[in-house]
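Engineer: I'd like to ask some things about the structure below.
The values are calculated or read from the model by the stated rules, or taken from the named source; none is laboratory data. In this text the structure is predicted, and so the values were computed from the model without any measurement. For neighbour counting, all protein chains shown are included, and Cβ atoms are generated from backbone atoms with ideal geometry for every residue, glycine included.
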Amino acid sequence: MSNKVIFLDRDGTINRDSASYIKNWNEFEFLPGSLEALALLSRHGCALILITNQSSVGRGMVPPTVLEHTHRSMCTAVEAAGGHFLDIFVCPHRPEEACACRKPKPGLILQAQRRYNIDLANSVMIGDSARDILCGQQAGCATTILVRTGNGLSAEQTLAGQNALPDLVTTDLLEAARIILAMNGGRSNG
């Protein structure tokens, strides 16, 4: 895949996170500027792939069909705004299951790499938590961007303590999108 691939976390990056989990579409609320950011990246040819831990499924709080409905509704809203997700990769497991796909492990990104023949040296991981950044780093993404929405502020401290700082820290997804496009002269392939 020659276009720049942008891996994105969901909760806290695209939509408001919740300590009690996002259990259905009615609880899903886009963060300010996130729809515009997704549309901007899509318009410039970036391939957007959602990489999300959703342990609420493994905990029995959210049936897989409800999660699928939430993601279909999210994609519909993103497309109405001019954006497009190439794919969505979900880890439904609880943390104690120690699977290979739960961030910070890079399993979801590696699945996407195999499916779409992605050059990770030309990819970006954007998220609001330490596990998002660590996932991107372990997968070999060229750039990791921490957004200060969601858990971003505490994640900065955690990552500093682990000597695993992201390449960039931005206020939100829209600022991250603008920086990515500026770094590439407005083009997606770098």
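Engineer: Here are some conditions: (1) exposed (fewer than 15 other Cβ atoms within 10 Å of the Cβ); (2) in a loop (DSSP other than H, G, I, E, B); (3) modelled with pLDDT of 90 or more; (4) among the small types (Gly, Ala, Ser). Gly186 meets all but one. Which one does it not meet?
Structural biologist: Exception for Gly186: condition (3).
Engineer: Looking at the range 159-174, which of the residues that are assigned to a helix (DSSP H, G or I) and either touching a helix residue (DSSP H, G or I) at 6+ places or on another chain (Cβ under 8 Å) or at positive phi (or both) is surrounded by the most Cβ atoms within 10 Å (Cβ to Cβ)?
Structural biologist: First, pick out the residues of the range 159-174 that are assigned to a helix (DSSP H, G or I): 159-161, 173-174.
Among the residues that remain, those that are also either touching a helix residue (DSSP H, G or I) at 6+ places or on another chain (Cβ under 8 Å) or at positive phi (or both) are: 159, 173-174.
Details: Leu159: 20, Leu173: 30, Leu174: 20.
Restricting to residues being assigned to a helix (DSSP H, G or I) and either touching a helix residue (DSSP H, G or I) at 6+ places or on another chain (Cβ under 8 Å) or at positive phi (or both), the top hit is Leu173.
Engineer: Has the range 129-144 got any residue that is buried (at least 19 other Cβ atoms within 10 Å of the Cβ), of a type in the set (A, V, I, L, M, F, W, C), closer than 22 Å to Lys4 by Cβ and under 12 Å from the mean Cα position of the chain (by Cα)?
Structural biologist: yes
Engineer: I'd like to know if the range 110-120 contains one or more residues that are over 18 Å from Leu86 (Cβ atoms) and either within 13 Å of the chain's Cα centre (by Cα) or surrounded by 19 or more Cβ atoms within 10 Å (Cβ to Cβ) (or both).
Structural biologist: Taking the range 110-120 as the starting set, the residues that turn out to be over 18 Å from Leu86 (Cβ atoms) are none.
Scanning the range 110-120 turns up no residue that is over 18 Å from Leu86 (Cβ atoms) and either within 13 Å of the chain's Cα centre (by Cα) or surrounded by 19 or more Cβ atoms within 10 Å (Cβ to Cβ) (or both).
Engineer: Could I ask something else about it? Could you tell me whether Glu96 is under 20 Å from Asn53 (Cβ atoms) and surrounded by fewer than 16 Cβ atoms within 10 Å (Cβ to Cβ)?
Structural biologist: Numbers: under 20 Å from Asn53 (Cβ atoms): yes; surrounded by fewer than 16 Cβ atoms within 10 Å (Cβ to Cβ): yes.
It is true that Glu96 is under 20 Å from Asn53 (Cβ atoms) and surrounded by fewer than 16 Cβ atoms within 10 Å (Cβ to Cβ).
Engineer: Report the residue count in the range 26-44 for those that are outside any loop (DSSP other than H, G, I, E, B) and either of a type outside the set (A, V, I, L, M, F, W, C) or surrounded by fewer than 16 Cβ atoms within 10 Å (Cβ to Cβ) (or both).
Structural biologist: 6
Engineer: When you check Leu50 against the structure, is it closer than 26 Å to Ile180 by Cβ, under 15 Å from the mean Cα position of the chain (by Cα) and outside any loop (DSSP other than H, G, I, E, B), yes or no?
Structural biologist: On the way: closer than 26 Å to Ile180 by Cβ: yes; under 15 Å from the mean Cα position of the chain (by Cα): yes; outside any loop (DSSP other than H, G, I, E, B): yes.
Judged against the criteria, Leu50 is a match.
Engineer: Quick one: Thr76 ticks every box in (1) out of contact with any helix residue (DSSP H, G or I) (no Cβ under 9 Å at 6 or more places or on another chain); (2) assigned to a loop (DSSP other than H, G, I, E, B) bar one, so which box is it?
Structural biologist: Going through the list (1) out of contact with any helix residue (DSSP H, G or I) (no Cβ under 9 Å at 6 or more places or on another chain); (2) assigned to a loop (DSSP other than H, G, I, E, B), Thr76 breaks only (2).
Engineer: Give me the pairs, please: first residue somewhere in the range 99-116 and within 19 Å of Ser56 (Cα to Cα), second residue anywhere and of a type in the set (Ser, Thr, Tyr), beta-carbon distance under 9 Å, and either six or more positions apart or on two chains.
Structural biologist: Note: pairs meeting the criteria are Arg102/Ser55; Lys103/Thr52; Lys103/Ser129; Pro104/Ser129; Leu108/Thr52.
Engineer: Moving on. Assess whether Ala47 counts as being under 30 Å from Asn184 (Cβ atoms) and either buried (at least 19 other Cβ atoms within 10 Å of the Cβ) or out of contact with any Gly (no Cβ under 7 Å at 6 or more places or on another chain) (or both). Please lay out each step first, then the result.
Structural biologist: Values: under 30 Å from Asn184 (Cβ atoms): yes; either buried (at least 19 other Cβ atoms within 10 Å of the Cβ) or out of contact with any Gly (no Cβ under 7 Å at 6 or more places or on another chain) (or both): yes.
Considered against the rule, which asks whether it is under 30 Å from Asn184 (Cβ atoms) and either buried (at least 19 other Cβ atoms within 10 Å of the Cβ) or out of contact with any Gly (no Cβ under 7 Å at 6 or more places or on another chain) (or both), Ala47 comes out as yes.
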